[in-house]
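Notes to accompany the following structure.
The values are calculated or read from the model by the stated rules, or taken from the named source; none is laboratory data. Since this is a predicted model, take the numbers as computed values, not measurements. Because the Cβ atoms are built from the backbone with ideal geometry, glycine has one as well, and the counts that use them run over all protein chains shown.
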Amino acid sequence: MKAFEIQEFGNLVCTEKPQPEPKFGEVLVKVKAVSLNYRDILMIKGLYNPRLRLPVIPCSDGVGEVVSVGEGVTRVKPGDRIAGIFMQKWLSGNFTKEAAKSTLGGDLNGMLAEYVVLSEDGVVLIPPHLSDTEAATLPCAAVTAWHALIEAGLKPGETVLVMGTGGVSLFALQFAVMAGARVIATSSSDQKLERVKELGASDVINYKSVPKWEKEVLALTEGVGVDYVVEVGGVNTLSQSVKAVRMGGKISLIGVLAGAQGEFNPLPAVMKGVRIQGIFVGSRQMFEAMNRAIDVNKLRPVCDRVFPFESAPEALNYMEIGSHFGKITIEF
Ligand SMILES: NC(=O)c1ccc[n+]([C@@H]2O[C@H](COP(=O)([O-])OP(=O)(O)OC[C@H]3O[C@@H](n4cnc5c(N)ncnc54)[C@H](OP(=O)(O)O)[C@@H]3O)[C@@H](O)[C@H]2O)c1
């Protein structure tokens, strides 16, 4: 079978490998589609984890069909359409160190291969109405957005701020709309803002032409601030997010798109009683709850370009340019 491997940092190589076989409690999956996350680019370059064990097959997000199962498998059967879960050992309950060290396309081989073997515990059935490429977008960005809003207690009528139009933010927008919340969305592009309005954002702000966007958020909420911020900018946008959130509101800390280094004064957050929570994707239980909601609401992920398997390096380059709107996927 063919698989892409990081053999040394900065170098993604397509290699021929023996087809894996499922052992006790494992399933063999014919991969049908993979979606990309910025993490995959950082992983390949050695910037995510310079001590990463190599060689490793990249990409956390993929779906496929169960081809065969090892002894003792009861959760799935041949023919089932499944997705791998981001952390193979976070099934439910509290986040643990063991779970954090079980990520696909990092600690463990990922999904950018024609066949993969996964533990039966490390897979979920995908919503039937989704195509393979649509379903491949779910394991990382969607579960993260679900965790940040729905698991965090978002209620109808509350207001959510989503930053930029990356994968996590677009899923957060869709889940917030699905939950009956109001969404304020930002982007550096007026064109993209038109598209987020079509997805249900009630108010939009261009964070390039309005660098003090938090003031605009306050104006749009009668000076109160939003109930939730889906914070993907990092330390360089966090002070603005604290200004934009209401007293006692919630900020989900997710990403560092505006840079990993910087200064943050915690006092304004303390004085406003803001709850700041780090979010690292989510558990299998969250993924399954999300899939039920996606199924009932017939929600469709926002997808950008689809690349063929052989063009995985081009797909990664395309992601790096950053002009996409929605998830970039690879079809096998
Ligand atoms: N903690 C977790 O579990 C988790 C999970 C997934 C991702 N992440 C992290 O979360 C972040 C977002 O991930 P993603 O997959 O959604 O990324 P992505 O799809 O690569 O997002 C790219 C978009 O982010 C927006 N952006 C860039 N700089 C920004 C800034 N300074 N302020 C506001 N928006 C900005 C831009 O939107 P516009 O073009 O509209 O301006 C850009 O198109 C990344 O740092 C990623 O590593 C964390």
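Taking residue 172 and the conditions (1) within 10 Å of the ligand (Cβ to nearest atom); (2) over 17 Å from residue 257 (Cα atoms); (3) not aromatic (Phe, Trp, Tyr), which numbered condition does it fall short on, given that it satisfies the others?
All conditions pass for residue 172, except number (2).
Part of a loop (DSSP other than H, G, I, E, B), surrounded by 24 or more Cβ atoms within 10 Å (Cβ to Cβ) and in contact (Cβ under 8 Å) with a residue 24 or more places away in the chain - does that describe any residue in the range 76-84?
To start, the set of residues in the range 76-84 that are part of a loop (DSSP other than H, G, I, E, B) comprises 76-80.
Now drop any that are not surrounded by 24 or more Cβ atoms within 10 Å (Cβ to Cβ), which leaves none.
Taking every residue of the range 76-84 in turn, none turns out to be part of a loop (DSSP other than H, G, I, E, B), surrounded by 24 or more Cβ atoms within 10 Å (Cβ to Cβ) and in contact (Cβ under 8 Å) with a residue 24 or more places away in the chain.
Pick from 50, 58: which is outside any strand (DSSP E or B) and surrounded by fewer than 23 Cβ atoms within 10 Å (Cβ to Cβ)?
Values: 58 fails: surrounded by fewer than 23 Cβ atoms within 10 Å (Cβ to Cβ).
So the residue among 50, 58 that is outside any strand (DSSP E or B) and surrounded by fewer than 23 Cβ atoms within 10 Å (Cβ to Cβ) is 50.
Among the numbered criteria (1) touching a strand residue (DSSP E or B) at 6+ places or on another chain (Cβ under 6 Å); (2) closer than 18 Å to residue 255 by Cα, which one does residue 68 miss?
So the condition that residue 68 fails would be (2).
Would you pick out the residues in the range 181-220 that are more than 12 Å from the ligand (Cβ to nearest atom), in contact with a Leu (Cβ under 9 Å, 6 or more places away or on another chain) and assigned to a loop (DSSP other than H, G, I, E, B)?
Answer for the range 181-220, where residues must be more than 12 Å from the ligand (Cβ to nearest atom), in contact with a Leu (Cβ under 9 Å, 6 or more places away or on another chain) and assigned to a loop (DSSP other than H, G, I, E, B): 181, 199, 200, 202.
Let me confirm something: among 262, 255, 249, 233, which residue is surrounded by 14 or more Cβ atoms within 10 Å (Cβ to Cβ) and either among the polar types (S, T, N, Q) or outside any loop (DSSP other than H, G, I, E, B) (or both)?
On the way: 262 fails: either among the polar types (S, T, N, Q) or outside any loop (DSSP other than H, G, I, E, B) (or both); 255 fails: either among the polar types (S, T, N, Q) or outside any loop (DSSP other than H, G, I, E, B) (or both); 233 fails: either among the polar types (S, T, N, Q) or outside any loop (DSSP other than H, G, I, E, B) (or both).
Exactly one residue qualifies, and that residue is 249.
If I filter the range 308-329 for residues that are of a type in the set (Phe, Trp, Tyr), away from the ligand (no atom under 14 Å from the Cβ), assigned to a strand (DSSP E or B) and surrounded by 18 or more Cβ atoms within 10 Å (Cβ to Cβ), do I get at least one hit? Give the steps one after another, and end with the answer.
Going through the range 308-329, the residues of a type in the set (Phe, Trp, Tyr) turn out to be 309, 318, 325.
Add one more test, that the residue is away from the ligand (no atom under 14 Å from the Cβ), and what stays is 309.
With assigned to a strand (DSSP E or B) added as a condition, the list becomes none.
Within the range 308-329, not a single residue is of a type in the set (Phe, Trp, Tyr), away from the ligand (no atom under 14 Å from the Cβ), assigned to a strand (DSSP E or B) and surrounded by 18 or more Cβ atoms within 10 Å (Cβ to Cβ).
Can you name the number of the only condition in (1) out of contact with any helix residue (DSSP H, G or I) (no Cβ under 9 Å at 6 or more places or on another chain); (2) within 15 Å of the ligand (Cβ to nearest atom) that residue 147 fails?
(1)
So is residue 120 of a type outside the set (A, V, I, L, M, F, W, C), in the same structural domain as residue 307 (by TED's automatic domain parsing) and within 15 Å of residue 284 (Cα to Cα) or not?
Values: of a type outside the set (A, V, I, L, M, F, W, C): yes; in the same structural domain as residue 307 (by TED's automatic domain parsing): yes; within 15 Å of residue 284 (Cα to Cα): yes.
Yes, satisfied.
Considering 71, 65, which residue is touching a Gly at 6+ places or on another chain (Cβ under 7 Å), assigned by TED's automatic domain parsing to the domain that holds residue 325, more than 24 Å from residue 144 (Cβ to Cβ) and in contact (Cβ under 8 Å) with a residue 12 or more places away in the chain? Please lay out each step first, then the result.
On the way: 71 fails: touching a Gly at 6+ places or on another chain (Cβ under 7 Å).
From the options 71, 65, the qualifying one is 65.
Of these, 49, 37, 109, 94, which one is assigned by TED's automatic domain parsing to the domain that holds residue 321 and either without any contact (Cβ under 8 Å) to a residue 12 or more places away in the chain or aliphatic (A, V, I, L, M) (or both)? Steps first, please.
On the way: 49 fails: either without any contact (Cβ under 8 Å) to a residue 12 or more places away in the chain or aliphatic (A, V, I, L, M) (or both); 37 fails: either without any contact (Cβ under 8 Å) to a residue 12 or more places away in the chain or aliphatic (A, V, I, L, M) (or both); 109 fails: either without any contact (Cβ under 8 Å) to a residue 12 or more places away in the chain or aliphatic (A, V, I, L, M) (or both).
Answer to the selection: 94.
What pairs come out if I take residues in the range 314-326 that are without any contact (Cβ under 8 Å) to a residue 40 or more places away in the chain and pair them with residues that are outside any helix (DSSP H, G or I) and within 8 Å of the ligand (Cβ to nearest atom) whose C-beta lies under 8 Å away, six or more apart or interchain?
Correct list of pairs: 318/324.
Only residues that are outside any loop (DSSP other than H, G, I, E, B) and surrounded by fewer than 23 Cβ atoms within 10 Å (Cβ to Cβ): list them for the range 102-121, please. If you could, list the steps in order and put the result at the bottom.
Our first condition is that a residue be outside any loop (DSSP other than H, G, I, E, B); within the range 102-121, this holds for 103-104, 108, 113, 115-121.
The answer is 108, 115, 117, 119, 120, 121.
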